[in-house]
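Here the structure comes first, spelled out in structure tokens, and everything after it is commentary.
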Amino acid sequence: MLRITLAATLFATCAALPTARADEVEVPLKDVPQKVLAALKKQFPAGKIESATKETDAGETTFTVSLKSAGSNYDVTLSPDGTITEIAREVAFNALPKPVVAAVQKLYPKAKVESAYEVTEPGVKGKTFHLELTTAGGKELDVVFDPTGKVISEE
């Protein structure tokens, strides 16, 4: 699967996507570092934590925590010291920016949108929109768009 920079991997724990990477393992909530939990509590005071995974890639460890807050599903990726590196919020397809919806309809006619996420990376200006699609021909794609509907990546 994709690295953290593509939020699609964040939602593997929610079964929104196919299986997680081989080096990504589910972690019991009692084993999530306190700094990670404290950062989540600060960012999402009313959030209900549902699950967590731990991934080590190129010697760098991250935790991805799935939670519900204010009626939305989130996956938040953090470093072991509690620094939030990515926040992904599940959104309805029709709630995406109009240019993104138009681009999907133009570039992937008759595709089925399996999932859509609005992704924020602290310190990075703007949001990206990550979609998992199944094309009319049955091909599964993970596509990332900028707010103007431009494809950033397709895998």
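Please treat every number below as a calculation from the coordinates, not as lab data. These figures come from a predicted structure and were not determined experimentally. No Cβ is skipped: glycine too gets one built from the backbone with ideal geometry, and neighbour counts run over all protein chains shown.
Kindly state, to the nearest 0.05, the FRET efficiency for S72 paired with I152, given R0 = 25 Å and r defined as their beta-carbon distance.
0.65
Could you let me know the centre-to-centre spacing of the stretch 32-62 and the stretch 102-155, using Cα atoms, in angstrom? Distance between centres, Cα-based: 25 Å. Averaging over all projection directions, the Cα-based convex hull of the stretch 93-154 occupies 3.9 nm² in the image plane.
Extension gain, T120 to D81, is 12.1 nm, computed as 0.36 nm per intervening residue step minus the present C-alpha separation. Fraction of C-alpha pairs exceeding 22 angstrom in the chain: 39 percent, rounded to a whole number.
Charge dipole (Cα centre; +1 on Lys/Arg Cβ, -1 on Asp/Glu Cβ; no other charges) of the chain amounts to roughly 620 debye. Tell me the relative contact order for the chain as a rounded percent, counting alpha carbon contacts under 8 Å between residues six or more apart. 17 percent.
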